[in-house]
Every structure is written in C-alpha cells, then in structure tokens.
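See structure below.
The values are calculated or read from the model by the stated rules, or taken from the named source; none is laboratory data. Model, not experiment: these values are computed from the prediction. Backbone-built Cβ (ideal geometry, glycine too); neighbour counts: all protein chains shown. Ligands, DNA and RNA are excluded from the accessible area calculation, which covers all protein heavy atoms including side chains. Shrake-Rupley method; radii C 1.70, N 1.55, O 1.52, S 1.80 Å.
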Amino acid sequence: MNDSFDVIVIGGGPAGYPAAIRAAQNKLTVACIDGWKNRDGSSAFGGSCLNAGCIPSKALLESSELLHRAQHEFAAHGVQLDGIGFDVTRMQQRKAAIVKGMTGGILALFKAAGVTPLAGHGRLLPGRKVEFTGADGTKRTLQAKHVVLASGSEPMPLRGVDFDGKAIVDSWGALEFEAVPKRLCVIGAGVIGLELGSVWRRLGAETVVLEALEQFLPMADSVVAKEAQRHFRKQGLDIRLGAKVAGAKTGKSGVEVRYADKSGEQVVVVDRVVVAIGRRPYTQDLLAEGTGVVLDARGFIQVDDHCRTGAGNVWAIGDCVRGPMLAHKGKEEGIAVADLIAGQYGHVNYKAIPSVIYTAPEIAWVGQTEEQARAAGRTVKTGSFPFAASGRARAMEAGAGFCKVVADAGSDEILGVHIIGPMAGELIAEAVLAMEYSASSEDLQRTIHAHPTLSEALHEAALAADRRAIDIPNR
Ligand code: FAD
Ligand code: AMP
C-alpha cells in the first residue's frame, strides 16, 4: 500500500471525516486514521459524535420524548391508549442500529470519495511524518504533504467522583444504561447533562441535577434560560443551582454524592451518577517531540483563525482546538482546511455557529444574547413572539416557548436569534442563514413564511422588533 499521501487526517470524527472527504473531492490523495474503540473492542469511524454523543443521545431523546408525549399529550388530542409501556432494551437496540448504520456509512462515503481509511493510532512525527499503529500492533511510518489533527475531546473527570463504569459514569456510560435507575444524579447542568437527565427522567428516574453555578444556562439568553428552567422543573428535574460537588462514595444504600451550597454541606443518595461537567481536548500520544505543534494552558492545540498550527502544513480542527465543542463547528473547519490546502478559499464564520439543546421544549440560538449585545456597547431592539399565538404550534399541542430576535437599533442588523419551543433546532437554520448574509430584521420581516408553520413565529418576532407584529399586540 502507498505510504505517502497529500493529506493525512488523524481522527475520523465529525471534524476529521469531512476534512478527508473534501480533500479527496479536491483531487488530493488522502488517508484518515481513526482509533475509536467500541466497548466490544471493535473499531468505528465517526468519533464521539456518532458513537457516543450527538447521534445516540438524539435517538434516546426521541424515544423517551415519544413516551412522554403518549403519557402527557395524547389525551389532549383525543387519542386514547391503554397501558402505555416501554422497553429500554428495544430503545437501546434501536439506538445501536442507528449508530452502526451511520458509522458504517462513513466507510461507504470514504470508498466513494477515494479516501483510505486506516483503523488504528496516529502519531505526528517531525517533518509531517505520521507513525501509524494498526489494530494488530504493527507500525508504519507514513509521509504527508499536509497533516490535519482532529483528535477530538473526552469527558472531563471530576476529582473525588471516580468513574467506575457502573454506578458512576460519564456521558457515554449514561447512554448505555440497560435499565432505568430509580434515583439518578447528574453533575453539571450544561447541554449534555440536561439532555441525558431528560432522557432518564422521562423514563421515570427520580433525577437530581447538581450545578455549581448560581445561574442556569448562563450561555443562553436570560429569558430563554428562565423559561427553560421553569419547564424542566415542571417535568420533574430537580435542578439545584449553586451546588458544587466535592465527592461521591459508593455504599450499601447507593452512591452518596456530597456537595456544598449556600446552606452548607449536603448529601444526596442515588443509584447512579452521571458526571457531565464538560469535555477537554484529547491529545494523548498524538504528538512526538519536535513537531512544532503547541498546546495552550488548557490542553487545546494552538491554531490561528484558519486552523494553522505553528508547524508548517500541520492543521488542527474540531474539539481539540479553541471554539465551541460542536460537531458542526468541527465539520466547517474540516471543509475550510481541506479547501485551503487545495489553494481554494476556506473560511468559518465563527459568529454564526448555532447552538441547540435537544430537550423538550427544544432550545436553539445563534449570535449574541441581548445581554451580550448590550455589554458589547450595542443599542439593541428586540422582538418576541410566543408559540402560544402560533396556529401550527397550537395544532401540535406545542404552544410552550417563544422566538426572540435581537437587532441593532440603528442599523437593524440581526445580532442574535433565540428560540425555545417546538423544532427550535430546525427553525434556527433560517436565522443562521440570515446572519450569514448580514440580514436586517426587515429582511426577515419581508420574507414570506408559509402558513401555518412554526417558522411564522420567527417572522412575527422580527416584525415585533419594530412593533409591527400582526398576530400579537405590540407593546
Ligand atoms: P471526536 O468526535 O471526539 O472524534 C475524534 C476521533 O479521533 C475519535 O474517534 C478518536 O478516537 C480519534 N483519535 C483521537 N486521537 C487519535 C489518534 N492519535 N489516532 C487516531 N485516532 C485518534 N455536538 C453537536 O454539535 N450536537 C449535538 O447534539 C451533540 N451532542 C452531544 C452529546 C453527547 C453525549 C456528547 C458527549 C457530545 C455531543 N456533542 C454534540 C459534541 C460532539 O460530539 C463533538 O463536538 C464532536 O464529536 C467533535 O468532533 P471531533 O471530530 O472534533 O472529535
Ligand atoms: P458544559 O460545559 O456545557 O458541558 O456544562 C458543564 C457544567 O458543569 C457547567 O455548567 C459547570 O458549571 C458544571 N460543573 C462543573 N464542575 C462542577 C461541580 N464540581 N459540581 C457541579 N457542577 C459542576
């Protein structure tokens, strides 16, 4: 086999595999090395996202939401079901089949594009050489004109709360529970903690969420965060803010999780604990001495605005570099880098990266929150529209939440859009496109939205920014 490539990508997650495919589309010879190991020891492309993150979590969120809707919403529609039940094993099998199909699909894409997949470990050596160790332990030294590092991230451990793979697990472990825990503690009320907490809460677990910060979802617009907290608490998530976990000990009656809040030391006893306090870049055994690639104080690979490391023709993308740890951010960086390598134009607009929390109601935003825009010295105007006033949302029995548009009061440029409600993650795409084109709120106002659709809520929110909404009183 050829040991020399135009491009070698180390890491086959949602950052690395698109980089490899785009580089091949650009007529370059490409190999993509990935070392992911499943629990059964098998290898799979797709990284954390496909194997232990985005996709399996969305599969379980969908299943558990269907159950929740059957239990709590069907009656309102006049749909009567007796003896609603569920089967966790079946849910897990469905999830596993989706993951298998998606990860296998990457190999099919590689084949079609002409990318050489290499299952095993990659280590960058000086001079754009890569040491590849195959699954059987054999080593080969490969040579590349360009190397793209896409080694991703791993769950952040919490001192004093040691993973044991059974009672105390990380996010991957929480996607693999074979039965619903009676009492569950999720440490960290970030995106991952809330999604996983929602899954098991809907299936019946008494769920406590411990969050060190006093503020709930500080990265979201404050009115969205307030609305979300209200809904999650109504759903039975026992969210305790200002609760800093210090340790956990497994005893006879379960796991004792110790935390400190305003009132002092507290203990909660549960059957299982999920540590979801964030992720950290993964660069273990990735870089030999003398490569010229530098890590920052938090362990991220240092790159410039175009994902160039300090070493010539060595690039880094995705979770192992600065910026939000999101699959679509990594994908865009991968595509941009592959285009830059081919001498084309490649660019990532970091100001228009959407964030989505796949809870119910769903939460999505892009751009600045109202608070961030004001703090940045902008004079802002805002418009909001509640889904309760949307005919389509009412017909769907999904009237909770709202759309909010934040625009510059002078230029009318859209600075941010914040949605909590049905299909928020889909609706935000229109706002991302609008911001990509530096649209004004008037542009959204003059865009025709089909009736009756959820997207009309965004239209009306833009109109409301100029007190010209039609379907709600303007205040
Ligand atoms: P990874 O997906 O981590 O892939 C890196 C790959 O490189 C891995 O396969 C790893 O084994 C391999 N690798 C590392 N080092 C080497 C080496 N030296 N040699 C060979 N291979 C190596 N993001 C979203 O955008 N939307 C979501 O809904 C979402 N949900 C999530 C839910 C959960 C539970 C979790 C944990 C994460 C979620 N994320 C979500 C985050 C998302 O998974 C990450 O942002 C994304 O996977 C990062 O992609 P990446 O390619 O940079 O890294
Ligand atoms: P994210 O970074 O979005 O995945 O969210 C992780 C969350 O975990 C953040 O909101 C952190 O404040 C929270 N967190 C971190 N350490 C602790 C801790 N020791 N106890 C409780 N919450 C924590």
For this session: For region 25-44, state whether one or more residues are of a type outside the set (D, E, K, R), modelled with pLDDT of 95 or more and assigned to a helix (DSSP H, G or I).
Result: yes
Problem set entry | Residues (on the phi > 0 side of the Ramachandran plot and either in a strand (DSSP E or B) or open to solvent by less than 40 Å² (accessible area, probe 1.4 Å) (or both)) located in region 364-413 | G367, G401, D412
Exercise. Out of (1) more than 16 Å from ligand 2 (Cβ to nearest atom); (2) touching an Asp or Glu at 6+ places or on another chain (Cβ under 6 Å); (3) under 22 Å from S153 (Cα atoms); (4) of a type in the set (S, T, Y), what's the single condition that is false for S57?
Worked result: (1)
Problem set entry | Residue list for region 270-291, filter: away from ligand 2 (no atom under 12 Å from the Cβ) and outside any strand (DSSP E or B) | D271, Y282, T283, Q284, D285, L286, A288, E289, G290, T291
Exercise. Considering V267, V257, which residue is assigned by TED's automatic domain parsing to the domain that holds G242, assigned to a strand (DSSP E or B) and touching a residue at least 24 places away in the same chain (Cβ under 8 Å)?
Worked result: V257
Problem set entry | The listed residue being assigned by TED's automatic domain parsing to the domain that holds R94, more than 11 Å from ligand 2 (Cβ to nearest atom) and not hydrophobic (A, V, I, L, M, F, W, C), out of K182, K145 | K145
Problem set entry | Matching residues, region 153-168, being open to solvent by 20 Å² or more (accessible area, probe 1.4 Å) and not acidic (D, E) | P155, M156, P157, L158, R159, G160, F163, G165, K166
Exercise. Of the residues that sit in region 134-149 and are open to solvent by 10 Å² or more (accessible area, probe 1.4 Å) and either touching a residue at least 60 places away in the same chain (Cβ under 8 Å) or of a type in the set (S, T, Y) (or both), which one is nearest to W36 (Cα to Cα)?
Worked result: A135
Exercise. Any residue at all in region 10-18 that is open to solvent by less than 60 Å² (accessible area, probe 1.4 Å) and either farther than 30 Å from G127 by Cα or more than 25 Å from the chain's Cα centre (by Cα) (or both)?
Worked result: no
Exercise. Across region 19-54, which residue is nearest to ligand 2 (Cβ to nearest atom) among those that are open to solvent by 30 Å² or more (accessible area, probe 1.4 Å) and on the phi > 0 side of the Ramachandran plot?
Worked result: G41
